[in-house]
Structure formats: structure tokens, C-alpha cells
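These notes concern the structure reproduced below.
The values are calculated or read from the model by the stated rules, or taken from the named source; none is laboratory data. Every value quoted in this text rests on a predicted model; they were computed, and no experiment measured them. Positions of Cβ are backbone-derived with ideal geometry, glycine not excepted, and every protein chain shown enters the neighbour counts.
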Amino acid sequence: MAKTPDPSSLPEVVKPSCEAIKILKGQKALVTGASSGIGEAIALALGKAGADVAVNYIADESTAQGVVEAIRKEGSRAIAVHGDVSKEADVLNVYQQMYKEFGTIDILVNNAGIQRDAPLEKMTLEHWNQVIGVNLTGQFLCAREAVKEFKRRGVRKEVSCAAGKIICMSSVHQMIPWAGHVNYASSKGGIHMLMESIAQEVAPFRIRVNSIAPGAIRTAINKSAWSTPEAYNELMKLVPYKRIGEPEDIAHCAVWLASDYADYITGTTIFIDGGMTLFPGFETGG
């Protein structure tokens, strides 16, 4: 591993400031787990880019409604839709609510995810099943329903040259083991193959399926890794770019992947990790 440079010799961290462009105008999007964190940032970015957005949530309706109002202020339509993505009946209801409001779907962002961490010998079957259910089965259920609609409706050339786009939220842990988090890492490894298999199957129908794999992102799920100066400095030893990722970093990529600018991209995972995956054997991430 290369020697860590002296922080005083590095340039000041400047976070990106990207002007919103209406490259998704007329499209209808569903973002699961969109009431906070990465999902919230993606829902807002899609709305700013012109898409109408269904904001899925599981617990906090008031927070989801706050995201909806923020999207509406950008000139796009938005609704909050309750549903547990690990439950088939809930997923079907989410889509019914979305179709009632928007008529169809063009973009699915499979973002909902949870962690239930424990050493292997202390991990309960309940916690294993919860994580696999939300993180992996939930993505299967939501993708299945989206593909049904994409195939039924086909391409609308005035909206997009693709019949539909699916973005799966994975993690750097789809490729790097994470001791103490076997359920989470297994779910993300499963998402990798789920995404690639669906992409291969539906590509002839002009349906694009890709993944985003975040590294260390400033969200509540990994607050212990960045909330103190000591923790943050330790984390930066694993990030060559020397700043933590922000939810907006993921959102910018999601907007681009959902747009026709990325039309020839399918079956691909984009790692957004500041170079973290360049270091083998790290023990923290997104």
C-alpha cells in the first residue's frame, strides 16, 4: 500500500456543485427507501432533472412527505407511497399507487436496504432473513414488476430511447468481504448477480439494468465511521480521494444512468467510493 501523504500537503476538499438539467423530463420514477439518506438524495435529484417521483418509505411518513414537497418545489410531481419491499403484497400495492397517479414507470431505483450486524455465531436467523428480504428479495420483487410494465408499454421515443431503466443499489461489499456483516455482504453479492442476470435477460427489449456500488457515504447507517474526528481520520486512510462521499455523489450518477446519455450502458456496476476498492482487505464501507 502506498504511503499516506501528509494531510497538510493536500488540496482543500471542494465538494461538487452541479447545475440541475431537465434530462429526465416526462419520465416517471420509483425510488425505494427514499425518505432519507441516499434514497432521499436520488429522489430529489430525479425530480430536479424533470422526473415525476414516487417516494417509497417504510416507517416515517412525515419525512417522506418532506421529500415529496421538496420535489414539487422543483416543478415535478411527487407522491409518498408506503410499502415494505420484502413483502410481495406491499410491492404490488406500491406499483398500484404509482400507476394510479402517474400511469406508468420509466425508472426504478432499487435503493431500500438495511443492516442487522453481528458476529456470525451471534447472528440470528431473523436478522439474516430481514437483511436478505429487504436488500435482495425486495430488489427482485420491485424489478419484476417494473419489467412487466416496461415490456407491456414498450419504448416511448418522445420520452426515452429505452423502454425502461433499473438502477440497483449495491455496495463495495458486493466484491469485498465484510467480517461481522455476513448477511449484508451476502445480500450485496447477490444483488451483483441479480442485476447482471436481469440485464442480460431484458436487454433485447431495450430495458437497461445497472448497479451503483457506494463506498463510505455520509449517512446515518454508518455514522460511527465518520461522526468523530478520530473516526473520520481513520476512514480517510482507506479513501485515496481523501473525502467522505455524500449522498449527492450517488444521486448525480443515478440521474445520468437513468438518462439517454447512458443508453448503451447495461449490466454494469459503477463504484462510487473515492478509490476505496483500490485497497484490498479494508473493513468499513457503504
| note | Just one listed residue, out of PHE150, PHE140, is buried (at least 21 other Cβ atoms within 10 Å of the Cβ), among the aromatic types (Phe, Trp, Tyr) and within 28 Å of GLN96 (Cβ to Cβ), and it is PHE150
| Of the residues that sit in the stretch 162-174 and are within 26 Å of LEU238 (Cβ to Cβ) and assigned to a loop (DSSP other than H, G, I, E, B), which one is nearest to the chain's Cα centre (by Cα)? | SER170
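With the structure loaded, tell me whether ALA213 is under 19 Å from LYS15 (Cα atoms), buried (at least 19 other Cβ atoms within 10 Å of the Cβ) and of a type in the set (Gly, Ala, Ser) or whether it fails that test. Don't jump to the end; show me each part of the working.
Numbers: under 19 Å from LYS15 (Cα atoms): no; buried (at least 19 other Cβ atoms within 10 Å of the Cβ): yes; of a type in the set (Gly, Ala, Ser): yes.
Criteria not met by ALA213.
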| task | With the condition kept exactly as written, say whether any residue in the stretch 175-189 is at pLDDT 95 or above and within 30 Å of LYS157 (Cβ to Cβ). | result | no
| Does VAL109 satisfy the criteria of being at pLDDT 95 or above and in contact with a Ser or Thr (Cβ under 8 Å, 6 or more places away or on another chain)? | yes
| query | Would you pick out the residues in the stretch 36-50 that are of a type in the set (Gly, Ala, Ser) and either within 18 Å of PRO214 (Cα to Cα) or in contact with a Pro (Cβ under 9 Å, 6 or more places away or on another chain) (or both)? | reply | SER36, GLY37, GLY39, ALA41, ALA43, ALA45
| query | Is there a residue being more than 23 Å from ALA45 (Cα to Cα), in contact with a His (Cβ under 9 Å, 6 or more places away or on another chain) and basic (Lys, Arg) anywhere in the stretch 139-154? | reply | no
| note | Looking across the stretch 48-105 at residues that are closer than 17 Å to ALA29 by Cβ and polar (S, T, N, Q), the single one that is surrounded by the most Cβ atoms within 10 Å (Cβ to Cβ) is ASN56
| message | Which of the numbered conditions does GLY154 fail, given that it passes all the others? Conditions: (1) within 17 Å of the chain's Cα centre (by Cα); (2) closer than 20 Å to GLN200 by Cβ; (3) not hydrophobic (A, V, I, L, M, F, W, C). | response | (1)
| message | Residues that are free of Cβ contacts under 8 Å to residues at least 24 places away in the same chain, at least 2 per element: which helices (runs of 4 or more DSSP H) completely within the stretch 175-272 meet that? | response | 182-202, 229-236
| field | GLN115 vs. criteria farther than 16 Å from VAL31 by Cα and not β-branched (Val, Ile, Thr) | value | yes
